[in-house]
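A short worksheet on the structure shown next.
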Amino acid sequence: MAHLSNRINQISESQTIAMARKSRELKAQGVDIISLSLGEPDFPTPQIIKDAAKKAIDDNFSYYTHVSGYVELRQAICEKFKRDNNLTYTPDEIVVSTGAKQSIANAVLCLVNPGDEVIIPAPFWVSYLEILKLAEGTPKIINTTIDSDFKITAAQLQAVITPKTRLIMISTPCNPTGSVYTKEELKALADVVAKHDELYILSDEIYEHINFVGGHQSFAQFDFIKDRVVTINGVSKGFAMTGWRGGIMAAPKWLAQACDKMQGQFTSATCSITQKAMHKAMELDYKTHIEPMRNEFLKRRDLVLKLMKDIPGFKTNLPQGAFYVYPEVSYYFGKKYNSYTIHNATDLSMYLLDEAHVALVPGAAFGDDIYIRFSYATSEDKLTEALTRMKNALAKLN
Ligand code: PMP
Ligand code: GLU
């Protein structure tokens, strides 16, 4: 009989990954599924990065590296932070991992004791809550709505801080809402953090390069709290490198050392070839290699928003980054078609999977089951077809 620990039993499967798995299974059965579920660019990795990786193989760069990544890579990451974000880090403050996901897990497991409170603005990215469960931390969720563009204010943050609060986990640009915090908004939150000595911020900036409103703003830019900011980044999204598994954390040296120790027991360094590919990514010219993908995402966002206008009952914000649209869909709750009755966004997602053959992720995964997440990291043709199918399927509900 299976005997699993309480630890794993209390963790949910990643809903983004579960939905992707379901759509793969249906596709394998011959069902023509359009998957808008997984947050994954459909572009190939830029050729120049692939060439660097091929060279690394030919050069026999095939041995274990330093657990935190070979030092020249960490130096290149420091140069990236200086060039793009005006942040000064040294290589001993950088830990390269197998993905932003691992970087987040490292940081949370190294910072949070059982019972410590961790503030998570909702909607939040799926894995924050589950990683926090592993650390036995207590989540303190701040709910936001479309009316505030899903952003929290300094007053909301201040209101939930207690002497037990240890960490805030936040993403900008945000998965799933696409919201992007301005410098002023971040400064207001930083001012609150500054008043609480034991409070840290995990600032997940993995969507840095997919930003439609100009320059990316990092939390660590405010010198008065920089030593309490854990900056998370990586190559998955901006460089179309999801499968390579390369994550980045920049943090005070004592925390970087702790994460190196943690990672040294769990996975060691990420793949040496991936590290060489990341090294090339850090040096890429943004305008030539990254901006074209970002521009394509912007076109797709506008297309999805335009097509959504024709679908009754979908309320959205204007996503200013990442590649998600997160409409509120409660208009459909209580409606029926054949054997389906829609009670929540999970029911609606299942209905759309069955009736429209479109895979989406219900808001339950991100904190509130009245929304549905669309990933628009796919071609305009597929997006158009998906939204047409959805419109037809939704019209049957009454
Ligand atoms: N943070 C956010 C907000 C994400 O959306 C994702 C995954 N898409 C990650 C972290 C993890 O990314 P990675 O592939 O680098 O593990
Ligand atoms: N983070 C992506 C998403 O939100 C990929 C899936 C995952 O890593 O959970 O869809």
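The values are calculated or read from the model by the stated rules, or taken from the named source; none is laboratory data. Fair warning: this is a prediction, and the values are worked out from it, not measured in the lab. Note that each Cβ is placed from the backbone with ideal geometry, even for glycine, and that neighbours are counted across all protein chains shown. SASA here: full protein model, heavy atoms, side chains in, ligands and nucleic acids out. Shrake-Rupley method; radii C 1.70, N 1.55, O 1.52, S 1.80 Å.
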Practice problem: Give me a count of the residues in the range 194-224 that are surrounded by 23 or more Cβ atoms within 10 Å (Cβ to Cβ) and assigned to a helix (DSSP H, G or I). | Solution: 2
Quiz item: Of all residues in the range 113-146, which are open to solvent by 30 Å² or more (accessible area, probe 1.4 Å), part of a helix (DSSP H, G or I) and touching a Lys or Arg at 6+ places or on another chain (Cβ under 9 Å)?
Solution: 133, 134, 146
Quiz item: Which of the residues belonging to the range 43-58 are surrounded by 15 or more Cβ atoms within 10 Å (Cβ to Cβ), within 16 Å of ligand 1 (Cβ to nearest atom) and either part of a loop (DSSP other than H, G, I, E, B) or of a type in the set (Ser, Thr, Tyr) (or both)?
Solution: 45
Quiz item: What number of residues in the range 304-353 are open to solvent by less than 10 Å² (accessible area, probe 1.4 Å), more than 17 Å from residue 367 (Cβ to Cβ) and among the aromatic types (Phe, Trp, Tyr)?
Solution: 3
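Quickly run through the range 76-111 and pick out the residues that are within 16 Å of ligand 1 (Cβ to nearest atom) and either in contact with a Pro (Cβ under 7 Å, 6 or more places away or on another chain) or assigned to a helix (DSSP H, G or I) (or both).
77, 80, 100, 101, 102, 103, 104, 105, 106, 107, 108, 109
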Self-check item: Enumeration of residues in the range 12-36 that are modelled with pLDDT of 90 or more and in contact with a Ser or Thr (Cβ under 6 Å, 6 or more places away or on another chain)
Solution: 33, 35, 36
Self-check item: Residue match in the range 147-162 (condition: in a helix (DSSP H, G or I), of a type in the set (A, V, I, L, M) and within 20 Å of the chain's Cα centre (by Cα))
Solution: no
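Yes or no, residue by residue, for (1) within 16 Å of ligand 2 (Cβ to nearest atom); (2) modelled with pLDDT of 95 or more; (3) farther than 30 Å from residue 386 by Cβ:
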| position | (1), (2), (3) |
| --- | --- |
| 254 | no, yes, yes |
| 259 | no, yes, yes |
| 271 | no, yes, yes |
| 283 | no, yes, yes |
| 290 | no, no, no |
| 297 | yes, yes, no |
| 306 | no, yes, no |
| 322 | yes, yes, no |
| 328 | no, yes, no |
Quiz item: Out of the range 352-389, which residues are under 15 Å from residue 178 (Cβ atoms), within 16 Å of ligand 1 (Cβ to nearest atom) and β-branched (Val, Ile, Thr)?
Solution: 361
Quiz item: Just wondering, is there one or more residues in the range 326-334 that are touching a strand residue (DSSP E or B) at 6+ places or on another chain (Cβ under 7 Å) and more than 30 Å from residue 45 (Cα to Cα)?
Solution: yes
Quiz item: What tally of residues in the range 238-272 results from selecting those that are at negative phi and either hydroxyl-bearing (Ser, Thr, Tyr) or open to solvent by 30 Å² or more (accessible area, probe 1.4 Å) (or both)?
Solution: 17
Quiz prompt | Top-ranked residue of the range 18-32 - restricted to ones that are in contact (Cβ under 8 Å) with a residue 12 or more places away in the chain, open to solvent by less than 80 Å² (accessible area, probe 1.4 Å) and farther than 26 Å from residue 295 by Cα, ranked as farthest from ligand 1 (Cβ to nearest atom) | solution = 31
Self-check item: Pick from the range 74-113, criterion within 16 Å of ligand 2 (Cβ to nearest atom) and among the aliphatic types (A, V, I, L, M), ranking: farthest from residue 222 (Cα to Cα)
Solution: 105
Exercise. Consider residue 278 carefully, then state whether it is in a helix (DSSP H, G or I), within 16 Å of ligand 1 (Cβ to nearest atom) and not polar (S, T, N, Q).
Key: yes
Quiz prompt | Some residue of the range 114-122 being in contact (Cβ under 8 Å) with a residue 60 or more places away in the chain and more than 16 Å from ligand 2 (Cβ to nearest atom) | solution = no
